[in-house]
1. Could you look through region 200-240, keep only residues that are among the small types (Gly, Ala, Ser), in a helix (DSSP H, G or I) and in contact (Cβ under 8 Å) with a residue 40 or more places away in the chain, and pick out the one that is nearest to Asn94 (Cα to Cα)?
2. Could you tell me whether any residue of region 172-193 is among the aliphatic types (A, V, I, L, M), buried (at least 16 other Cβ atoms within 10 Å of the Cβ), assigned to a helix (DSSP H, G or I) and at pLDDT 95 or above?
3. So, in region 27-53, exactly how many residues are in a loop (DSSP other than H, G, I, E, B) and basic (Lys, Arg)?
4. Tally the residues that are in contact (Cβ under 8 Å) with a residue 12 or more places away in the chain and more than 8 Å from the ligand (Cβ to nearest atom), restricting the search to region 169-199.
5. Only one of (1) buried (at least 16 other Cβ atoms within 10 Å of the Cβ); (2) away from the ligand (no atom under 11 Å from the Cβ) is not met by Gly220, so which one is it?
6. Please count how many residues of region 204-217 are in contact with a helix residue (DSSP H, G or I) (Cβ under 6 Å, 6 or more places away or on another chain) and either surrounded by fewer than 12 Cβ atoms within 10 Å (Cβ to Cβ) or of a type outside the set (Ser, Thr, Tyr) (or both).
7. Keeping to region 122-131, report how many residues are of a type outside the set (A, V, I, L, M, F, W, C) and buried (at least 18 other Cβ atoms within 10 Å of the Cβ).
8. Which of the residues spanning region 119-146 are assigned to a helix (DSSP H, G or I) and of a type in the set (S, T, N, Q)?
Amino acid sequence: MRTPSFDLTGKAAIITGATKGLGYGMTHALAKAGADVVVVSRTKSDCDAVAEEIKSAGGKAIAVPADVSKPEEIQALVDVTVREFGKIDILVNNAGTAITKKAIELTEEDWDKIMNVNLKGPFLLAQAVGKQMMAQNSGKVINIASMFGLVGDVNVLPYLCSKGGMIQMTRGLALEWARYHIQVNAVCPGYVKTALNTSELDTEKIFKYITGKTPMRRYGEIWEIAGMVQFLASSAADFMTGAIIPVDGGWTAQ
Ligand code: NAP
């Protein structure tokens, strides 16, 4: 009887936004499960530091600074990964950003910035990685969307649109790439305290408002999002593709 395995020994994984918050937790989780990791963010010193942490813990890691909103840096990231590890088994499209503003005040630059980092960059990276995965006839793409790709909120319009777009990108790629044994899934986190939002979530008013609206009455923890990513990256999730999975304390069940 075969039982599921969550082991990632020898798998090569690219994680964007790997130096802080959710991505930092995912990077450590995948490395602990045995994956060789490519640590990506725009800040070289942070990438170097996280890669060093993984190596000191006995893992394999390379630091590849790149800005996912710059198409010219995306192919270079894929090329370095293939040169170092010979393949790409897992892509975690995690880097993302937000602007809090009323819709009426948004500029075209605000719109383009969020779309480029949260949607266009992840698409171009998935496309470049997808070519390599097709040649391998295997791979896992995990897109970190948000519960705000599933439901609305105020003052974050480009974020809502980018994450909703990422969810549809997940379904579209899953359908096109199923025949190449590439599974594409999305995780939709609820509120978790990270650099992206700590100043906001730490205020008493916001804490009361958000936890009051969350059925589980708390924020999520970084490891709780990392756990879902590890599962989707593993062979235990081999029959899943095009799935959109909330990890949100029940927010979108309402
Ligand atoms: P975070 O703490 O702000 O970390 C963002 C990471 O992405 C950092 O490592 C950052 O490093 C990197 N990054 C930002 N822009 C980048 C770019 N253009 N190219 C490459 N790397 C870039 O964010 P987080 O809260 O962990 O969020 C991670 C993902 O989860 C995002 O997609 C976010 O939308 C999603 N999410 C978060 C929550 C939450 O409550 N935290 C909820 C739902 C969804 P550098 O600045 O050095 O590049």
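The values are calculated or read from the model by the stated rules, or taken from the named source; none is laboratory data. Remember, predicted model here, so these are calculated numbers, not experimental data. Quick reminder, even Gly has a Cβ in these numbers, built from the backbone with ideal geometry, and neighbours come from all protein chains shown.
1. Restricting attention to region 200-240, the residues satisfying the condition of being among the small types (Gly, Ala, Ser) are 212, 220, 226-227, 233-237.
Cutting the leftovers down to in a helix (DSSP H, G or I) gives us 212, 226-227, 233, 235-237.
Pick out the ones that are also in contact (Cβ under 8 Å) with a residue 40 or more places away in the chain and you get 226-227, 233, 235-237.
On the way: Ala226: 11, Gly227: 14, Ala233: 14, Ser235: 20, Ala236: 21, Ala237: 19 Å.
Filtering first and then ranking leaves Ala226.
2. For region 172-193, residues among the aliphatic types (A, V, I, L, M), buried (at least 16 other Cβ atoms within 10 Å of the Cβ), assigned to a helix (DSSP H, G or I) and at pLDDT 95 or above: present.
3. Of the residues in region 27-53, 1 are in a loop (DSSP other than H, G, I, E, B) and basic (Lys, Arg).
4. Qualifying residue count, region 169-199: 16.
5. (2)
6. 2
7. 2
8. Gln127, Gln132, Gln136
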